[in-house]
Structures are given as C-alpha cells and as structure tokens.
Amino acid sequence: MGTPAPSEADAVTFPAYLAFSDPITLCRILVANGGFDARYTVRVVILFLVSVIVLPLNWLERAVYGKRIAAQRLSDSPLIIIGHDRSGTTHLLNLLSLDPQFAYTRPSQMVLPGCCILLDKAIDALLRRLDYRRPFDDMEVGPGSPQDDEVPLVKLTPHCEYHKYSFPRSYKHWLDTYVFQFTPASPAYEEWKRTYLGTLRKAAVLMQRDRSLLKSPATMANLNVVLELFPNAKFIHIKRHPHKVIPSQIHLHGTMARKYGLESVTDEQLVDFALYQYRGYMEGFLRDRPRIPPENLIEIRYEEFVADRMHWLRTIYDTLALGAFAPRVGPLEAYLGTIEHYEPHRFADDPTLKRRIDAELGFAVAALGYEQGAASAQPC
C-alpha cells in the first residue's frame with residue numbers, strides 16, 4: 001500500500017506546489033520545517049529562481065488593489081463543506097460552486113495568490129488551452145474551478161497545515177501546530193487569520209460576491225477557529241467509511257510527495273500519516289461539533305449522496321435555508337452530464353490495512369454510523 005519512493009528523475013521535476021512563493025516566505029517555510037532533504041536541492045533552487053519572478057507583480061497588486069481588498073466585506077454566514085480528504089468534498093464543492101451567491105477560491109489564487117487579481121483572466125485562458133488534471137485523482141482543473149480555501153496560504157505563509165505535502169515526513173509537526181493544537185490563542189493565529197481572510201477577500205473581489213463557499217478538510221478538526229471567525233457559518237459534513245477513505249488518502253499523500261515533496265517518505269510513513277490525520281480530524285470534529293447550532297449543520301453519507309445527488313442537494317438547500325433550489329436544477333444537471341463518464345480510482349483490497357483501520361479508528365466508524373468492518377461498494 002502507498003506510493004514508491006521518488007526516483008532521481010522525480011527529484012528534479014518542477015515543484016509546482018510551492019512555486020511562486022516569494023523568497024522571504026519560502027525561507028520561512030524551509031526554516032519552520034528545519035530544512036529539506038539534500039536530494040531535493042534542485043527543486044529548492046528552482047523554487048527560489050521562480051520566486052523572484054512574482055515579486056514585482058505582488059507589489060503591483062498591493063498598490064492597485066490593496067485598499068479595495070482591505071475594504072471588501074465578507075458575509076458572516078459562509079457555507080463550509082467539511083469531511084475527510086477523499087470523502088466527496090471536492091465533488092460537493094464543484095456542485096455548490098454553480099450557485100452565483102457564492103464566492104470561492106479560484107485557480108489563480110492557487111497558482112499565484114500574491115497577484116491573482118491581476119492575472120486571473122490569464123490563468124483562466126491558460127487553463128482553457130491545457131488539459132490539466134489533478135495528479136492524484138485525474139480530476140480536471142478548468143477555468144474557474146473552485147479550490148480548497150487554504151491552498152493559497154501554502155505560498156503566502158509558513159503557518160499552514162498544507163505544508164505537510166511538501167514535507168510529508170514531518171506531517172505531525174504541521175498537523176499538530178496548525179490543526180490539532182491550533183487555537184485563537186496560538187502565537188501564529190493573528191498572522192494566519194490576516195492571511196486567510198485576505199485570500200477570502202480576494203476571492204470576493206474577483207467574483208463580486210461576499211458569501212464564501214469554503215472547503216478544507218482540516219476545518220473539521222478546528223471548528224473552534226472557524227466559529228471564532230464566522231459564528232453564523234453553515235456546515236455540510238459529508239462522511240464516508242474509513243475503509244474507503246484511508247487507501248485513497250495514502251495514494252493522495254504519496255502522489256503529492258513524489259511530485260512536489262522536499263522530503264523523502266516511505267510507504268509505512270504514508271500509512272501512519274493517513275491514520276494519524278484521520279484520527280485527529282475525527283477527534284477534533286466530535287469534540288467541537290456541539291458548538292454548531294443544529295440548524296446550521298447537515299450530515300450526509302457519501303454513498304447515499306452519489307446515489308441521488310439532486311435529492312441531497314435539494315435537502316441541503318432546504319435544511320440550511322440557502323435559498324430557492326429550483327433555479328439551480330438546470331446548471332446542476334448540465335454539470336453532472338459533463339462528468340458522467342468520470343471513473344474514480346479503485347484500490348486493491350488490503351486486509352492488513354483494514355484490520356489496522358478497525359483497530360485504530362473503530363471509534364470513528366461507530367461515530368459515523370457505520371457497522372464495524374463494513375464498507376460500501378463505492379470505489380475509492
């Protein structure tokens with residue numbers, strides 16, 4: 001189970017995940033991790049070379065749009081999708097992003113967060129010419145495709161748990177510091193908050209909408225932070241059996257490490273990574289879920305959702321009072337038609353891994369309402 005260690009050829013591929021961070025931020029990230037593996041020196045050199053390119057554009061965007069970004073209002077009632085990686089959160093995000101009431105993180109913010117307003121149209125035009133797909137699940141990223149809301153922070157601050165993908169061997173540091181032990185009292189909180197809200201304001205400026213649509217798996221583990229910012233937030237929790245989630249997470253983490261990582265990692269470490277993250281996310285969610293008012297939360301199962309998407313989308317709109325659903329039907333059905341032939345990855349059954357999941361995550365299986373040892377037949 002897992003992904004083989006990177007080859008020498010892999011070690012010199014373009015490290016797109018951290019590319020176009022500014023030089024100072026890149027230095028802070030490397031220092032925060034305690035360095036990088038020497039075999040990835042070429043990747044780090046590339047990162048510093050391309051980091052210089054964006055500096056003038058970042059300065060220009062601040063000069064032209066800084067006051068407008070700072071003045072941008074954000075609704076105190078965003079819609080937030082929570083759930084473990086590989087639980088259908090991205091699929092749900094893509095569907096809900098079709099509603100014109102929502103602003104969401106755009107591809108330009110993922111690629112060039114410091115100058116995304118200046119280059120948003122150029123990035124969209126490039127994506128129209130490319131057939132770019134996410135390396136871990138072959139899902140297309142096209143013009144305007146919604147992205148995880150914390151992804152821009154990867155290139156803007158060291159205070160971001162997504163750095164676990166660049167430094168997969170140090171996953172505990174990034175998860176503990178910026179998820180499991182992260183609170184409004186944390187030393188890094190104010191910088192994180194300023195940077196995070198800045199990215200949401202940029203999305204609102206780009207899309208001329210003030211109600212955010214957010215999706216970041218780690219959110220389920222630090223609801224205390226999110227509710228501090230948005231006490232009236234609405235939440236959709238999409239849940240899936242860990243027998244299906246964990247193998248897919250291992251594949252995701254291994255693919256990201258191979259293509260973009262600055263640390264080597266073994267198959268065994270990838271398994272530990274996935275289990276540690278899942279357990280921490282679930283423990284945090286169960287601890288803080290009572291803080292969400294019942295009328296602001298709906299929980300759905302992945303397998304039931306994909307069996308009847310329109311029914312569950314209507315239920316989401318009705319339960320969370322998101323507005324009229326009828327105008328959404330046409331765009332939703334049109335989008336679903338475009339992905340009709342998409343095939344999710346399937347992973348070979350691994351009895352040893354299943355036994356470990358049952359032993360370490362049995363509490364989560366019960367809390368999610370699944371029978372111990374049972375999982376749906378849905379692909380991972």
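Read the figures in this text as sums done on the coordinates, not as results from a lab. The model shown is predicted, which means the values in this text are computed figures rather than measured ones. Here the Cβ positions follow ideal geometry from the backbone for every residue, glycine too, while neighbour counts run over all protein chains shown.
Here, P(r) means the percent of Cα pairs in each 10 Å bin from 0 to the largest distance; for the stretch 10-367 it is 5, 24, 35, 27, 8, 0.
Check every DSSP H run in the chain and write down those whose alpha carbon atoms cover 30 angstrom or more along the long axis and whose mean Kyte-Doolittle hydropathy is 1.0 or greater. Helices meeting the criterion: 41-71.
Of all DSSP-defined beta bridges confined to the chain, some 10% are antiparallel rather than parallel. Please list, or write none, the aspartates and glutamates whose alpha carbon is within less than 17 Å of the alpha carbon of residue 234, excluding same-chain residues fewer than 8 places away. Counting by Cα, and skipping residues close in sequence, residue 234 has these aspartates and glutamates nearby: 76, 99, 148, 149, 210, 288, 295, 299, 318. Here the dipole of the stretch 44-198 is about 400 debye; that uses its Cα centre as origin and unit charges on the Cβ of Lys and Arg (positive) and Asp and Glu (negative).
Other residues whose C-beta falls under 13 angstrom from the C-beta of residue 352 contribute a net charge of -3, scoring Lys and Arg +1 and Asp and Glu -1. Beyond 25 Å in Cα-Cα separation lie the following of the pairs 155/193; 172/244; 155/202; 121/164; 172/259; 215/354: 121/164; 215/354. Sorting the segments 249-255, 270-276 by their residues' average number of neighbouring beta-carbon atoms within 10 angstrom, most packed first, yields 249-255, 270-276.
With helices as the sole contributors, the chain gives -16000 deg cm²/dmol at 222 nm; each DSSP H run of n ≥ 4 counts as -39500 (n - 2.57), and the sum is divided by every residue. Take every pair of alpha-carbon atoms less than 8 Å apart whose residues are at least six positions apart; their mean separation over the length of the stretch 10-367 yields a relative contact order of 24 percent.
Annotation for residue 311 and residue 283: the two label points, set 7 Å from Cα along the Cα-Cβ direction, are 3.7 nm apart. What longest range of the chain stays clear of loop-exposed trypsin sites (Lys or Arg not before Pro) (DSSP non-H/G/I/E/B, at most 11 other C-beta within 10 angstrom)? Between exposed loop sites, the widest span is 74-345. Neighbours of residue 319, meaning other residues whose beta-carbon lies under 11 angstrom from its beta-carbon, give a summed charge of -1 when Lys and Arg score +1 and Asp and Glu score -1.
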